[in-house]
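The values are calculated or read from the model by the stated rules, or taken from the named source; none is laboratory data. Just so you know, these numbers come straight off a predicted model, no measurement behind them. Cβ coordinates were reconstructed from backbone atoms using ideal geometry, including for glycine residues, and neighbour counts include every protein chain displayed.
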Amino acid sequence: MKTYLPQIERRILVRPNQTYGILNYDLDNAYPQRMLELVAGSPTAKDCWNKRTKFIAGNGFEAAGLGKQIINTNGLTIAKLLKALATDKALFTGFGIHVNYNANFKISSVNYVKFEDIRMGDTDCPETADKFAIYNDWGRKTWKNIMRSKITFLDKYDPDAAVIQQQVTAAGGWEHYKGQLLYFNPEVDDYPLIEADSVWEDFETEAGIKIFNNREVTTGFLPSTMLFMQARREEADNSKPDADEFAGINTPSQMEQDLGAFQGVKSAQKIIVIEYEDENSKPEFKAYPIQNNDKLFETTERSVESRIIKGFSVPKELINAEKSSGLSNGSEKKQAIIEFNDNTAADRADLAETLAEVFSHFYADINSANNWAIKPVPAIAADDNPGIKAGNAINTLLASTIPAKNKIAALVYAYGFKQNEAEAMCS
């Protein structure tokens, strides 16, 4: 028996792409690129991504001096590699490491590869099976078409000497060998979703609110208005010789120019003059009522922000700079840091284990202690003492003999409590 749930759709669809010999990352093969653009347009999502990156990278390696070790001819250090891998792990839940070998079958160089540039080879294509395609413009932002000649295929990571020799022979010798790619992917033979894929629609919503607010400001918060008139006083001349070449780009009429100049934050106090010959040709402006966008957007913005924070599994104390009251509670932030360190411990362990595996085959011993553990972010809340002092001051205030209305006023204006909260405390 088959069960069909029409209301549930897969977040991404993986299909073979015979043209390039890869598996498409969603129908347009640009799921990571789309998610990057959505996150870039959402301040809350960007902040959550940065917070996850910070906690996954932690406070560096426990082994002293390990982060300064250079691992390729371009001067890449292990500390920089850790930060780059943590950035991808925080959003995409995976990462990529390119390694190359010397004739002794030891890793001679290690490089970081952007996760969004990696595509899996088509398992049904003998030429690209067990390989990964690397290309820096799958989303077609730079070029209209993907150039097959610029796609680099790398073999899957396997440090076994026999496997490496077979790959070198197939490539035509060491001078043509391009190395291997370690593709860390939490999924099995599938592409992963981003960390907060369940709320990516909220990224778009928050970005839309931001654009709407900007449009309101640039138009001087003018109300939506309809203009009724018999005919324009001056028609624009769009009968130029090059009109066909610039189709869709018409010269505005004088009326349109005047109305355009009337809008905007720098033109809000200007006066527009409209001439008409008689009462019948007098233009009429009519504002039409719309919903109260301020309240509507304020409520939507709060709920969207809350869902994005929950989608990234980041404690809200680490994202929201403004507390529900003006009293800063250092112990809450400290507890949030401890909690988030615990939540990201598995991610740090994944990075540590992967780096230990890769550099166990490195041509030089750069970590003699073989300690690849990553230190978590220290749970030191700098505002512990101010919070304690403020708490003591409030207790002293409440225990004093001054009138209740004075206590309430102090709690509201000095400590930032809400009116009902202050009244409840003084009841």
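Things worth noting here:
- Applying a threshold of 6 Å to beta carbon distances and a minimum spacing of six or more residues, or different chains, the list of pairs starting in region 303-314 at a residue that is at negative phi and modelled with pLDDT of 90 or more and ending at one that is among the small types (G, A, S) and not in a helix (DSSP H, G or I) reads G311/A196; F312/A196.
- Number of positions in region 402-418 that are assigned to a loop (DSSP other than H, G, I, E, B) and either modelled with pLDDT under 85 or buried (at least 19 other Cβ atoms within 10 Å of the Cβ) (or both): 5
- Residues of region 58-82 classified as at negative phi and either assigned to a helix (DSSP H, G or I) or free of Cβ contacts under 8 Å to residues at least 12 places away in the same chain (or both), total: 11
- Subset of region 83-101 [assigned to a helix (DSSP H, G or I) and surrounded by fewer than 22 Cβ atoms within 10 Å (Cβ to Cβ)]: K83, A84, T87
- Odd one out for N24 among (1) more than 20 Å from K375 (Cα to Cα); (2) within 19 Å of the chain's Cα centre (by Cα); (3) of a type outside the set (G, A, S); (4) buried (at least 21 other Cβ atoms within 10 Å of the Cβ): (2)
- All of (1) under 22 Å from A30 (Cβ atoms); (2) part of a helix (DSSP H, G or I); (3) charged (D, E, K, R) hold for E175 with one exception: (1).
- The numbered conditions (1) over 21 Å from the mean Cα position of the chain (by Cα); (2) assigned to a loop (DSSP other than H, G, I, E, B) are all true for N29 except (1).
- For region 119-133, taking the residues that are under 22 Å from D160 (Cβ atoms) and hydrophobic (A, V, I, L, M, F, W, C), the one that is farthest from the chain's Cα centre (by Cα) is identified as A129.
- F55 touching a Leu at 6+ places or on another chain (Cβ under 6 Å), farther than 15 Å from F359 by Cα and among the aromatic types (F, W, Y): no
- Selection count, region 35-55, where residues are surrounded by fewer than 22 Cβ atoms within 10 Å (Cβ to Cβ) and polar (S, T, N, Q): 2
- Some residue of region 348-359 being within 23 Å of F312 (Cα to Cα), of a type in the set (G, A, S) and assigned to a loop (DSSP other than H, G, I, E, B): no
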